[in-house]
Each structure stands twice: as C-alpha cells, then as structure tokens.
Amino acid sequence: MKKTNITPILFFIGPISFFILAFTLFPTVMNFWLTFTKWDGVTPPVFVGIENYRKLLVDSTFWLSFWNAIKYVAFVVPLTTFLPLFLAITLYQEFKFNNVFKSIVIAPFVPSMVVIGVLWRWMYNPFVGPIPQLRALDLLGNYGTALYAVAFVAFWQAMGFYIYMFLAGLGSISPALYEAAKIDGANSLQTFRYITLPSLKPTFAFIVTMAIIWNLQTFDPVFVVSHGGPGFATFTLVYYIFWLTFYRFEMGYASTIAVILLALTLMISLLSLKLLGER
Amino acid sequence: MILIVVSLIILLPIIWMILVSFQETYSVFVLQSWIPSTLKNYVDALTMQKGIFIRWMFNSAFVSGITVIITLVISTLGGYGFARLNFRGRDILFTLYLSTIMIPFATTMIPLLYLCKQFGLVNTYAGLILPACSNIIPTFWIRQYVKSLPIELEDAARVDGCSEIQVFTHVVFPLLKPSMGVIALYTLWNQWNALLWPVVIVQDMNMYTANLGLTLVTSEEHAQMATNWGLSMALALLTCLPLLIMFILFQKTFVKGLVMGALKA
C-alpha cells in the first residue's frame, strides 16, 4: 500500500489554492459578514444587524442603480447578439480582405475602456466633438440619454469581441451537416435557416448569458465616460458600490449591494443553465 | 456592403483620435484638419508633472509583468496537479475553485480592501499584483490541456524513476509552451487594462498604473488637462501602445486569449 505523498500535492496545488482561498473565497465570505456592519474604512467595523438591508429597500439611489443596470443590459445585450451574429456570418466566408475586416473589428477591444472612454468623451463633447449632430444632441449632458450613450460606447468597443465569439461558434458546426444539406438540394437561405441557426443555438445562449452577466457588472465605461452623471443618471450597480466606498465611506452598506449583485449573477447563471439544459 | 459601414464606424473615431493627438488644441473644434501638425502633445505627455507618465508606464509594465510570471507558475503547477495527481477530494476542490468565476469582482473588492489595509498593501505593487493572481481560469486551461496529453509519456518517465515533480518539469512543462503563450497575453492584457481594483487600492499618484493615470484627463479636478484634448488623445494612445504592439505581433494568440478568457461556463 502506497502512502499518499503529500509533498507533490502541496507543491502543485498549494500556490493556486493560496491565491484562490486568500483573495477570492475568503473575501466573499467576509463580504457577507460585512453586510451586517457599518464600516468607514478607517475605524474598526461596527455590528449593526440587518440595518443595511433595511436601508437598501428604501434607498432611491440603489433602485436607480438597479434599474439603470437592467436598462443598460436590455440595451446592450440585443445589440451584442444580433448585429455581431450577422457580421460573423458574413465574415465567416472566405473572401478577399476578410482578415483585414476581422482585425479592424477587434481593434477597439485591445485598449482599455479608459482609452476608449477618453476617445468617446471627445466624440460626445457638445463643444469640440467632431460630429455636429452629436454636439447638438449633447447625449452625455441629458438625463434621458446619458445611460444609453455610455452603453453605446461599451457596445462599440465590444462588438468585435462578440463577432469573434460567434465566429468560434460557427466554426464548431460540423461540415457534414452542410454537405448533407447540399446533397438534399438546399439553397443558401434554407441552409442558413435549417442548419446554421439551429446549430448556433447553444453558442447564442451562452453568449447572451455571458453578455448579461458581464454588462450587469459594468463599471469602467461609467467611470470614464460619465462619472455616474449627470447627477446620478448613469449610476449602475457596481459604480454605486464604488461610489459608496470611495466618496461616502459606507463600506458595510456597499457590501450589501455587492451581495445583491452576487445573488443576481447567480440567479441568471442558474436560469441560463436550466434553459440551456433543456435544449 | 454593411461590413464597410461597420468598419468605418469603427475606424473613423480611431483615426480622428490619432489625428487629434497630433494637433494643437484650440478652444473650439479640435479636429481642425486632416493634416497632423505638431508633436507638442506627445512631448507634453512625457514631460508633464516631471515625467510622471513614464513612472506610470513603468508601474503598469512591472505590475503586469510580475502578474504574468506568477500566474504562469501557479497555473501550470495547479493545472498539472489537478489533472494528474490523485487525492481525495481533488475534483470537489477544483469545482469549488471553478465556481469562483461566478463571483463578481465587486463582491470581493471591499473585503480585499480591508485585508490589504490590514497587511499594509495599500499603495504597493504587491497590493496591485496579488489579488489579480487569484484567477482560476488559466489553471483551468492548463488542466484541460494536460488531460488531453497522452499519459504514456509521463508513465515512461515515472518508470524511469522520476519523482512527480521531475515528471512535471521534464515531460509536461515543455509541452505547455503554447498554452503559456495564450495565458501570458491574456493576463498581460487584463492587468494592463485593469481599472476598478487599481482605483480602489492606489491613492498615491506615483503608484498609479498608466491606465489609472489616464483617467485623470476625464476628471473635473484636472480641468486643464481635461480640456487639452490633444494631450488627452496622446496620453491615451501612449497608454495602449504596448498592448497594440503585442496585438500586431501576436494577433492570433492574443485574440485566442481574449476569446477564451471570456469562456465562463
């Protein structure tokens, strides 16, 4: 009987375990604890029971952030699923300059959102922006449009990424299916409708889920393009958490919102797993 | 067709951005013409506030570089360990680790801040680097890849008397090089562009990363910088220059890393 040698186990999985436990798992548990405290970041946390949760229910800024996050997702996700899908289908065929278009389209995704945000702050600027129509609209200064202006920037940057995801999905469709369709005499529209689209369903579902979860947590575009303004008009959930931490020093309360965010994310993941499973 | 329209929508703002960075900033209508006219913005960018931007770029490079090295080490070790070593609870443990991808960063951010304050990691390189290494995805990739390798090679080494560690270093590790390339680029890209964590953990302007420092051109406190659009664009372009170079040189691998980096399911 060989005794399990512990040294190699520690050597191999020790390091990653340390990082995951110390910097992700433990803080997550701690976050739950923090939701029952009031903490300003300097003095030790003070236990306050469920006060933070009660506060949450009546906090209008929280609900604003919450609905903004929903609106943001509702605006971005359809954009990032339909347009890139069609573009991916076009790009999937081999034609001249195919690769040039592919490179152009992914280019905005390489720099950070800060770089892109700086660019779009100029684009949207009502005094010096390059497009007169945009200047006149002052999208960022307007309570009604600011959130969508920010959302568009995120979409503009990520469009290429989603195209690549769809391209990967298209690549996973077995060519045998296409051949069978050809033999059966299907034209390109029929092939698209009966072979391509159904085969893309799992990819599509996955991309939609990912887009929802990712955009629910949006922070960078808001921080750079609008700073949450005008007023609180572009506050999203994560931006609110940040704002509470940085400007209000209400970290116990911010943790509470973080827990809500976690719950939302888990719910969406589970929901999508269930729906995916049925397909 | 529509591709050309889309490409234009993407390209035009970028081209404008580049052009603006080469022009004098006037009070109205920055984009004067299509002809670049001056390098002043770039000089200003590099010399402003006693060359703090260069310090920022160094910070970004240092932080990203060390993060990549640490990530490569822990993910190759961990991936191999979870793929080949057999011990009780191995798969349950891995599933637990894997579940962390569902945890939004905002949920760990505040406790991380608390921990970093306790251990004096605020405004330090360690504070910027260490939390970023807590990512199970590279380990997941390596584990997948190792599982796909034929086990005969390793068994042969074991028969020859190698210890587990030697099996790893001599047989498996050399085969991981392509995966390591993808992980390196993915990690570099993630860290270089990081914003939410750096803005929380760093208040000392000397310790800013380039990406974080760039946000100053959008803030109201630095209004003079904010209205100097030529300078802003120059700074922005300089900040993403290293990544763009990486992108041009290693496009296929880079994109692979980006795409796989988001494969969370």
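The values are calculated or read from the model by the stated rules, or taken from the named source; none is laboratory data. Quick caveat: nothing in here was measured; it's all calculated off a predicted structure. Positions of Cβ are generated from backbone atoms using ideal geometry, with glycine treated the same way; all protein chains shown enter the neighbour counts.
Scan B:G89, B:G127, B:G81 and give me the residue that is more than 16 Å from the chain's Cα centre (by Cα), among the small types (G, A, S) and crowded, with 23+ Cβ neighbours inside 10 Å. Reasoning before the result, please.
Values: B:G89 fails: crowded, with 23+ Cβ neighbours inside 10 Å; B:G127 fails: more than 16 Å from the chain's Cα centre (by Cα).
On inspection, the qualifying residue turns out to be B:G81.
The single condition from (1) assigned to a helix (DSSP H, G or I); (2) buried (at least 17 other Cβ atoms within 10 Å of the Cβ); (3) within 11 Å of another protein chain (Cβ to nearest Cβ) that A:S103 fails is (2). For the stretch A:245-263, filtered to residues that are of a type outside the set (V, I, T) and more than 9 Å from chain B (Cβ to nearest Cβ), the residue that is surrounded by the fewest Cβ atoms within 10 Å (Cβ to Cβ) is A:Y247.
Would you mind finding the one in A:F23, A:F36, A:F75, A:F62 that is within 18 Å of B:Q118 (Cβ to Cβ) and touching a helix residue (DSSP H, G or I) at 6+ places or on another chain (Cβ under 8 Å)? Break it down into steps so the answer makes sense when it comes.
Values: A:F36 fails: within 18 Å of B:Q118 (Cβ to Cβ); A:F75 fails: within 18 Å of B:Q118 (Cβ to Cβ); A:F62 fails: within 18 Å of B:Q118 (Cβ to Cβ).
Of A:F23, A:F36, A:F75, A:F62, the one residue that is within 18 Å of B:Q118 (Cβ to Cβ) and touching a helix residue (DSSP H, G or I) at 6+ places or on another chain (Cβ under 8 Å) is A:F23.
Given the criteria of a type in the set (A, V, I, L, M), surrounded by 12 or more Cβ atoms within 10 Å (Cβ to Cβ) and out of contact with any Cys (no Cβ under 7 Å at 6 or more places or on another chain), does A:L85 qualify? Before the answer, list the steps.
On the way: of a type in the set (A, V, I, L, M): yes; surrounded by 12 or more Cβ atoms within 10 Å (Cβ to Cβ): yes; out of contact with any Cys (no Cβ under 7 Å at 6 or more places or on another chain): yes.
Yes, satisfied.
For the stretch A:5-33, which positions are among the aromatic types (F, W, Y), at the interface with chain B (Cβ under 7 Å from one of its Cβ atoms) and within 10 Å of B:S134 (Cβ to Cβ)? Within the stretch A:5-33, A:F19, A:F23 qualify.
Mind listing whichever residues of the stretch A:34-44 are of a type outside the set (V, I, T), within 26 Å of B:I129 (Cα to Cα) and in contact (Cβ under 8 Å) with a residue 24 or more places away in the chain?
First, the residues of the stretch A:34-44 that are of a type outside the set (V, I, T): A:34, A:36, A:38-41, A:44.
With the extra rule that they be within 26 Å of B:I129 (Cα to Cα), the set shrinks to A:34, A:39-41, A:44.
Listed by number, the residues that qualify are A:L34, A:W39, A:D40, A:G41.
Only one of the listed residues (B:M205, B:M225) is among the aliphatic types (A, V, I, L, M) and at pLDDT 85 or above. That residue is B:M205. I need the full set of residues from the stretch A:121-143 which are within 11 Å of chain B (Cβ to nearest Cβ), over 13 Å from B:L12 (Cβ atoms) and over 25 Å from the mean Cα position of the chain (by Cα), in order please. Correct list: A:N125, A:F127, A:V128, A:P132, A:R135.
Could you tell me how many of the residues in the stretch A:178-207 are assigned to a helix (DSSP H, G or I), more than 12 Å from chain B (Cβ to nearest Cβ) and either basic (K, R) or crowded, with 16+ Cβ neighbours inside 10 Å (or both)? Total meeting the criteria: 10. Hey, among the residues in the stretch B:86-125 that are assigned to a helix (DSSP H, G or I) and of a type in the set (K, R), which one's farthest from A:Y253 (Cα to Cα)? Ranking the qualifying residues of the stretch B:86-125, first place goes to B:R90.
Out of A:S199, A:S188, which single residue is more than 30 Å from A:L237 (Cβ to Cβ) and touching a residue at least 12 places away in the same chain (Cβ under 8 Å)?
Details: A:S188 fails: touching a residue at least 12 places away in the same chain (Cβ under 8 Å).
Just one listed residue meets the conditions, A:S199.
The single condition among (1) more than 9 Å from chain A (Cβ to nearest Cβ); (2) farther than 25 Å from B:N59 by Cα; (3) touching a helix residue (DSSP H, G or I) at 6+ places or on another chain (Cβ under 7 Å); (4) of a type in the set (A, V, I, L, M) that B:M207 does not satisfy is (2). On the given criteria, is A:L119 over 16 Å from B:T215 (Cα atoms) and among the hydrophobic types (A, V, I, L, M, F, W, C)? When the stated conditions are applied, A:L119 does not pass them. Could you list, in sequence order, all residues of the stretch B:159-204 that are away from chain A (no Cβ under 11 Å), exposed (fewer than 14 other Cβ atoms within 10 Å of the Cβ) and under 30 Å from A:Y239 (Cβ atoms)? Within the stretch B:159-204, just B:D204 meets the criteria.
When the residues of the stretch B:3-13 are filtered to those that are facing chain A (nearest Cβ under 7 Å) and hydrophobic (A, V, I, L, M, F, W, C), which remaining residue is surrounded by the fewest Cβ atoms within 10 Å (Cβ to Cβ)? Break it down into steps so the answer makes sense when it comes.
So the first thing to find is which residues in the stretch B:3-13 are facing chain A (nearest Cβ under 7 Å), and the list is B:3, B:6-7, B:10-11, B:13.
Then keep just the ones that are hydrophobic (A, V, I, L, M, F, W, C); that gives B:3, B:6, B:10-11.
Values: B:L3: 17, B:V6: 21, B:I10: 20, B:L11: 14.
So the residue we want is B:L11.
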